[in-house]
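The values are calculated or read from the model by the stated rules, or taken from the named source; none is laboratory data. Being a predicted model, the structure only gives us computed values, none of them experimental. We place every Cβ from the backbone using ideal geometry, glycine too, and count neighbours over all the protein chains shown.
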Amino acid sequence: MAVEAATLAERCRHRFPIFEQQVYINSCSQGALSDAVRAAYEQYLDDWDEKGAPWEYWVERQEAARSAFAGLVNAGTDEIAVTTSLSAGVSALASGLRYARRSKVVLTDWEFPTIGQIWHAQESRGARVAHVPAAADGTIPLEHFEQVIDDDTLVVSITHVCYRNGAMIDVPAVVELAHERGALILLDAFQAVGSLPVDVKELGVDFLGAGVLKYLLGSAGLGFFYCRQELVERVWPTQTGWFADENIFAMDHTDYSPAATAARFQSGTPPVPAIYAGIAGIQLMREIGIAETREHVLALNAHLLDGLDELGATVVTPRAAEGRGALICVKSTDAVELVAALDREQIITSERDGNLRISAHCYNTREDVDAVLGSLQRHRNLLAAT
Ligand SMILES: Cc1ncc(COP(=O)(O)O)c(C=O)c1O
């Protein structure tokens, strides 16, 4: 595995200029900028110059983005909406549900703030929101879901990999339970897509939201929303716009006729520059290999975890490989200061919730991990002891 691992980073690292200056190990916040994504942005400007207002071409680019994301998660193109953020897709869904026959929305302690905020906003429309608590070790056992999901539950909203502690949920197990009890299931896959294979059919989810700026190497401004084919026409988003219409070129302001596809979860003018970048990022990530990246990062993280143990650090991410994503989180006495101390040594990480976040990706090497460990050794006073 170690030989393959070295090969993967060697194969792609030269495409990310940031490594000439820094040890960038912060892909849970944003992926490193590649030559391909920079070229895509330049292409956008060239096309603007050459084509003027190429609306039809932009619509075609949007369709290309839908296909790229559909291919990535094994969905049909008609099951994908192109959005400006994960929040936009989830809000469109939330706006289109009726909290009547079933009114309960179940979410977990791991959710990104946007998910909690969107579902709580539905309380004014009749939703009742219940939270599934995490256990003391940070994981969320299936029994906790069993206690909260009931026959009034309309939708269960879970996150694939938690942005605060790096823990990964057993998605198929929660899907099975939710479906058994007649509930729909939404997956926030933002911290998973690009870092490990995500297959909507295998996972069995009904809806999925994600963005491209982390492990998919795209930029801010582009998100995707997946809706399982059979459900598309059962949801009528009231948060909408002309790019959700059955025929955007009809320019009809006299009624609401949403697309018969998941495009009904879209809104206004698509984020064209970010679409150029997002397509390039997804393509590059698929060329590099997502399954290979998962193996590579697991090997790097095994080395990281050994080193953290030697330092006596408190790792809050679960130890079992199948229980974590790409992100490793370490408890700190002052996480903001620790990130700043690493930054002064040209090592880029981030922090959330009192934890240092270290997130390797395809381009990181064992030397990057050693650089992090060396710096943590020097700043041991900022690590919270076990
Ligand atoms: C798990 C997770 N969900 C959602 C988001 C953000 O979503 P949005 O595209 O709505 O800003 C992030 C990004 O930081 C995230 O880590």
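Restricting attention to the stretch 78-106, the residues being of a type in the set (Ser, Thr, Tyr) and free of Cβ contacts under 8 Å to residues at least 60 places away in the same chain number 2.
If you go through the stretch 273-310 and keep only what is polar (S, T, N, Q) and over 19 Å from the mean Cα position of the chain (by Cα), you end up with just Asn301. Inclusion of Val59 among residues that are more than 16 Å from the ligand (Cβ to nearest atom), within 14 Å of Ser267 (Cα to Cα) and either modelled with pLDDT of 95 or more or assigned by TED's automatic domain parsing to the domain that holds Trp236 (or both) is warranted.
Checking Tyr226, Tyr215 one by one, the residue that is within 16 Å of the ligand (Cβ to nearest atom), in a loop (DSSP other than H, G, I, E, B) and of a type in the set (Phe, Trp, Tyr) is Tyr215 and no other. Take Ser267 and tell me if it is of a type outside the set (Asp, Glu), in the same structural domain as Gln239 (by TED's automatic domain parsing) and closer than 27 Å to Gly221 by Cα. When the stated conditions are applied, Ser267 passes them.
Does any residue of the stretch 311-328 turn out to be among the acidic types (Asp, Glu) and more than 19 Å from the chain's Cα centre (by Cα)? Within the stretch 311-328, none of the residues are among the acidic types (Asp, Glu) and more than 19 Å from the chain's Cα centre (by Cα). Residues that are surrounded by fewer than 16 Cβ atoms within 10 Å (Cβ to Cβ), at pLDDT below 95 and small (Gly, Ala, Ser) within the stretch 136-175 comprise just one, Ala136.
Of all the listed residues (Ser267, Ser257), the sole one being touching a residue at least 40 places away in the same chain (Cβ under 8 Å), touching a helix residue (DSSP H, G or I) at 6+ places or on another chain (Cβ under 9 Å) and either closer than 21 Å to Ala360 by Cβ or polar (S, T, N, Q) (or both) is Ser267. Put simply, of Gly281, Gly323 the only residue that is modelled with pLDDT of 95 or more, in the same structural domain as Asn26 (by TED's automatic domain parsing) and of a type outside the set (Lys, Arg) is Gly323.
Within the stretch 140-184, the set of residues being polar (S, T, N, Q), away from the ligand (no atom under 16 Å from the Cβ) and in contact with a strand residue (DSSP E or B) (Cβ under 6 Å, 6 or more places away or on another chain) comprises Thr153 only. The lone criterion from (1) crowded, with 20+ Cβ neighbours inside 10 Å; (2) within 12 Å of the ligand (Cβ to nearest atom) left unmet by Thr114 is number (1).
Selection of strands (runs of 3 or more DSSP E) fully inside the stretch 285-364 by the criterion of at least 3 residues being on the phi < 0 side of the Ramachandran plot and among the aliphatic types (A, V, I, L, M) returns 327-331. Applying the set (1) among the aromatic types (Phe, Trp, Tyr); (2) within 13 Å of the ligand (Cβ to nearest atom); (3) closer than 17 Å to Thr83 by Cα to Phe265 leaves exactly one unmet item: (2). Taking the listed residues Val272, Val235, the one that is under 18 Å from Trp55 (Cβ atoms) and either modelled with pLDDT of 95 or more or not aromatic (Phe, Trp, Tyr) (or both) is Val272, with no other qualifying. Condition test on Ala68, is it away from the ligand (no atom under 16 Å from the Cβ), farther than 22 Å from Leu154 by Cβ and part of a loop (DSSP other than H, G, I, E, B)? For Ala68, the condition - away from the ligand (no atom under 16 Å from the Cβ), farther than 22 Å from Leu154 by Cβ and part of a loop (DSSP other than H, G, I, E, B) - is not met. What about Ala39, is it of a type outside the set (S, T, N, Q), within 16 Å of the ligand (Cβ to nearest atom), within 24 Å of the chain's Cα centre (by Cα) and over 30 Å from Asn301 (Cα atoms)? No. Surrounded by fewer than 19 Cβ atoms within 10 Å (Cβ to Cβ), assigned by TED's automatic domain parsing to the domain that holds Thr238 and under 30 Å from Asp245 (Cβ atoms), is that true of Ser91? When the stated conditions are applied, Ser91 does not pass them. Only a single criterion out of (1) over 30 Å from Asp78 (Cβ atoms); (2) over 16 Å from the mean Cα position of the chain (by Cα) is not satisfied by Arg164, namely (2).
Among the residues of the stretch 270-299, the ones that are crowded, with 24+ Cβ neighbours inside 10 Å, in contact with a helix residue (DSSP H, G or I) (Cβ under 6 Å, 6 or more places away or on another chain) and more than 22 Å from Ala220 (Cα to Cα) come to 1 in all.
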